[in-house]
Amino acid sequence: MLQTEALVVATYSRRMRLQLANGERVDSRIKGKKLKPVCGDRVLAEPIENENDWLITEILDRSNVLNRPDSSGRVEILAANIEMLVVVAAASPAADWFIVDRYLCAAENMGVQSVVLFNKSDIGKPDSNFDDYEVIGYDTVRCSAESGENIGQVASTLRDHTAIIVGQSGVGKSSIINSLLGEESLRTAEISGKTREGRHTTVNSELLDLPAGGSVIDSPGVRDYAPALTNAGQVLRGFREIDEAGQNCRFANCRHLREPGCAVKAAVESGAISARRYESYRRLLALTEKLDKR
Ligand code: GDP
Ligand code: ZN
């Protein structure tokens with residue numbers, strides 16, 4: 001039979017579950033050792049004769065990847081073809097806006113739309129820094145996975161997108177995903193193991209279809225994702241209001257630190273740019289340059 005296009009919807013090591021164009025889901029393995037498909041990948045696959053398994057033969061072009069350096073410094077790809085990054089802060093643990101800014105910076109560089117959630121609205125309100133994200137053009141939602149407040153709004157924001165949900169541990173990412181999935185939807189518990197052993201393996205990364213439309217890629221790695229520091233240029237591009245104001249700086253290569261004629265510094269002084277966001281920018285730039293020099 002001919003190869004067909006499929007979507008990787010669950011993975012465990014070298015075992016994958018694919019969704020075919022007709023919606024059917026099949027288990028598969030991967031041709032050769034070099035191919036490393038991840039959740040969200042579009043692949044070419046073919047059924048293996050006299051077996052239930054399919055075989056992935058090719059990964060189609062990715063629009064982006066979520067990656068992180070592993071312990072040996074190699075880059076590990078966690079997910080592909082992401083359309084939306086949902087950054088969660090909460091009433092508790094206390095919101096760390098610098099961490100939120102780092103995620104947003106990564107998303108800008110991935111060419112991914114971002115949404116900022118303030119979860120646990122049942123136990124506290126965000127400070128004014130949260131509203132600043134709305135001012136610079138990010139969608140923001142105050143919600144509670146516990147009480148269900150505004151979870152419907154989160155669901156409609158995610159509709160038609162493949163999203164990942166990130167943020168500090170304990171802010172309620174898993175709770176939000178479960179609340180979006182609702183009661184009746186089941187996570188894929190396992191992918192059938194090699195037929196010879198008849199073993200089943202636990203899924204470690206999964207693309208979950210949401211009842212209201214859209215999907216979320218969930219895995220421990222994605223939940224713990226911390227953006228790797230990138231180069232200075234990426235930090236510049238990662239703060240949209242600073243990047244925009246920077247078009248009016250006297251020098252094209254202005255880093256908005258101590259340069260004369262800096263439109264960004266002027267905007268911070270006039271209050272047009274949040275001093276706290278500018279501080280995040282400086283902090284991330286300093287961190288990145290320190291790593292760059294090593
Ligand atoms: P994660 O580490 O970001 O995935 O966070 P979890 O989903 O595991 O949630 C951490 C803790 O916060 C759990 O004890 C949840 O019950 C609690 N939690 C999650 N969402 C809410 C919420 O909206 N309100 C309150 N009060 N607690 C919540
Ligand atoms: Zn400048």
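Between Pro260, Pro227, the distinction of being surrounded by fewer than 19 Cβ atoms within 10 Å (Cβ to Cβ) and of a type outside the set (A, V, I, L, M) belongs to Pro260 only.
Pairs are defined by a Cβ separation below 8 Å, a sequence spacing of at least 6 or placement on different chains, a first member in region 108-133 that is within 16 Å of ligand 2 (Cβ to nearest atom), and a second member that is among the β-branched types (Val, Ile, Thr); no pair meets this definition.
Do you know which residues across region 65-111 are assigned to a helix (DSSP H, G or I) and of a type in the set (Ser, Thr, Tyr)? Matches in region 65-111: Tyr103 only. Residue under question is Asn67, and the condition is that it be surrounded by fewer than 17 Cβ atoms within 10 Å (Cβ to Cβ) and of a type outside the set (A, V, I, L, M, F, W, C); does it hold? When the stated conditions are applied, Asn67 does not pass them.
Is at least one residue of region 137-155 within 12 Å of ligand 1 (Cβ to nearest atom), on the phi > 0 side of the Ramachandran plot and assigned to a loop (DSSP other than H, G, I, E, B)? Scanning region 137-155, I find at least one residue that is within 12 Å of ligand 1 (Cβ to nearest atom), on the phi > 0 side of the Ramachandran plot and assigned to a loop (DSSP other than H, G, I, E, B), so the answer is yes. For region 250-270, indicate whether the set of residues that are away from ligand 2 (no atom under 13 Å from the Cβ) and either without any contact (Cβ under 8 Å) to a residue 24 or more places away in the chain or part of a helix (DSSP H, G or I) (or both) is non-empty. There is at least one residue in region 250-270 that is away from ligand 2 (no atom under 13 Å from the Cβ) and either without any contact (Cβ under 8 Å) to a residue 24 or more places away in the chain or part of a helix (DSSP H, G or I) (or both). Condition check for Ile273 on (1) within 16 Å of ligand 2 (Cβ to nearest atom); (2) buried (at least 16 other Cβ atoms within 10 Å of the Cβ); (3) assigned to a helix (DSSP H, G or I): one failure, at (3). Each residue in region 238-249 was checked for being among the charged types (D, E, K, R) and either modelled with pLDDT under 95 or not in a helix (DSSP H, G or I) (or both), and 0 of them qualify. Here is the figure for region 112-126: residues that are buried (at least 20 other Cβ atoms within 10 Å of the Cβ) and in a strand (DSSP E or B) total 6. I need a count of the residues in region 271-284 that are within 15 Å of Gly246 (Cα to Cα) and touching a residue at least 40 places away in the same chain (Cβ under 8 Å). Selection size over region 271-284: 3.
The values are calculated or read from the model by the stated rules, or taken from the named source; none is laboratory data. Keep in mind that this is a model prediction, so the values were computed, not measured. Counting neighbours? That spans all protein chains shown, and the Cβs are built from the backbone with ideal geometry, glycine included.
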